[in-house]
């Protein structure tokens with residue numbers, strides 16, 4: 001989806017040019033925020049402060065949950081680091097509640113500093129977004145003078161040629177020119193698809209070794225692990241002496257599935273990356289990377305035992321299909337592998353994946369610490 005809908009009398013080519021040679025993500029999220037405001041409120045007049053809030057809410061999960069990089073010149077990371085240094089953000093809640101937490105939990109000085117950092121975005125984003133519409137008029141102008149020039153040009157065009165530029169500035173608001181407002185409103189879905197297409201390309205460039213970029217620009221959705229859970233429960237039933245690879249404790253019916261390499265990095269539920277643990281241990285580990293020196297060998301052993309145990313269980317054999325993708329072999333061929341070769345394939349996959357996740361900022365070398373119930 002790399003073509004915007006055509007509209008007679010509108011310079012759509014200039015809107016396309018907004019994303020040419022983009023060095024940071026601000027323009028993508030600025031347009032997405034405008035589209036969301038139009039969809040939700042249906043107004044041509046939008047407070048810029050509302051757009052900045054939307055932008056930060058939209059980037060919160062990609063930066064904090066998925067640990068994506070937005071490039072060297074990005075300031076979102078600085079803002080999110082400051083927020084995390086002041087309050088503990090609940091990843092389980094909607095990102096729309098982020099500012100509710102900031103308002104309720106930050107002290108007045110930290111809150112002021114936080115909003116100062118957010119308002120720094122106002123120095124560039126609203127103005128540089130429309131600069132391609134006035135490329136000729138602003139060519140050769142000193143960078144420090146461009147914003148004021150764009151404010152005047154946008155206003156003048158709104159009077160003489162409202163189709164020339166999407167919006168103009170009025171105090172702390174942007175005002176969408178009616179012809180552009182109608183175009184954006186009519187084509188919200190297509191324009192979003194266009195923007196996400198360029199945003200994904202931008203993120204792939206800045207995160208070249210990260211899987212599932214397209215799934216990491218949104219808050220994680222509810223996943224269906226029913227078949228996996230059924231498979232692991234059956235496995236525990238068939239191997240009642242199986243112990244947790246982290247705690248060494250015997251597993252009970254209080255089971256949870258842990259992604260050995262966190263789901264927030266892999267964004268998949270492939271069974272060869274899963275291990276059954278107690279809910280308490282799963283909560284303790286969170287999205288940290290396990291200490292491979294301690295747990296990788298036991299994990300590979302467990303995976304081998306699981307595969308061999310579940311292969312005869314025809315009604316649950318579907319959970320083994322993920323191994324066919326990993327080994328690039330069918331189940332019968334995998335079954336012929338020695339234990340050493342099976343484990344080697346698991347280890348050769350996990351080891352570099354853990355290294356990449358660590359390089360992205362995921363906390364590594366997590367170890368289980370025994371805690372006495374109080």
**OP:** Report yes if residue 262 is surrounded by 15 or more Cβ atoms within 10 Å (Cβ to Cβ) and touching a strand residue (DSSP E or B) at 6+ places or on another chain (Cβ under 8 Å), otherwise no.
**Re:** no
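Going through 185, 199 one at a time, which residue ends up being surrounded by 20 or more Cβ atoms within 10 Å (Cβ to Cβ) and within 28 Å of the chain's Cα centre (by Cα)?
On the way: 185 fails: surrounded by 20 or more Cβ atoms within 10 Å (Cβ to Cβ).
Selected residue: 199, the only one of 185, 199 that is surrounded by 20 or more Cβ atoms within 10 Å (Cβ to Cβ) and within 28 Å of the chain's Cα centre (by Cα).
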Subject >> Index of the failed condition, residue 125 passing every other in (1) surrounded by 13 or more Cβ atoms within 10 Å (Cβ to Cβ); (2) modelled with pLDDT of 90 or more >> reply: (2)
Subject >> Filter result (surrounded by 17 or more Cβ atoms within 10 Å (Cβ to Cβ), part of a helix (DSSP H, G or I) and out of contact with any strand residue (DSSP E or B) (no Cβ under 8 Å at 6 or more places or on another chain)) within segment 207-233 >> reply: 213, 231
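Quick one: which helices (runs of 4 or more DSSP H) lie wholly within segment 279-374 and hold at least 3 residues that are within 30 Å of residue 62 (Cα to Cα) and under 29 Å from the mean Cα position of the chain (by Cα)?
Details: elements: 279-285, 292-310, 321-327, 331-335, 339-360.
Because the criterion is at least 3 residues that are within 30 Å of residue 62 (Cα to Cα) and under 29 Å from the mean Cα position of the chain (by Cα), the helices (runs of 4 or more DSSP H) in segment 279-374 that meet it are 279-285, 292-310, 321-327, 339-360.
For every residue, the table says whether it meets (1) in a loop (DSSP other than H, G, I, E, B); (2) under 18 Å from the mean Cα position of the chain (by Cα); (3) surrounded by fewer than 21 Cβ atoms within 10 Å (Cβ to Cβ).
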residue	(1), (2), (3)
14	no, no, yes
35	no, no, yes
77	no, yes, yes
90	yes, yes, yes
**OP:** Say whether the condition of being surrounded by fewer than 17 Cβ atoms within 10 Å (Cβ to Cβ), in a helix (DSSP H, G or I) and out of contact with any helix residue (DSSP H, G or I) (no Cβ under 8 Å at 6 or more places or on another chain) is met by at least one residue in segment 160-172.
**Re:** yes
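The values are calculated or read from the model by the stated rules, or taken from the named source; none is laboratory data. If you're wondering where the values come from, they're calculated on a predicted model, not measured in any experiment. With ideal geometry, Cβ positions are generated from the backbone for all residues, glycine too; neighbour counts draw on all protein chains shown.
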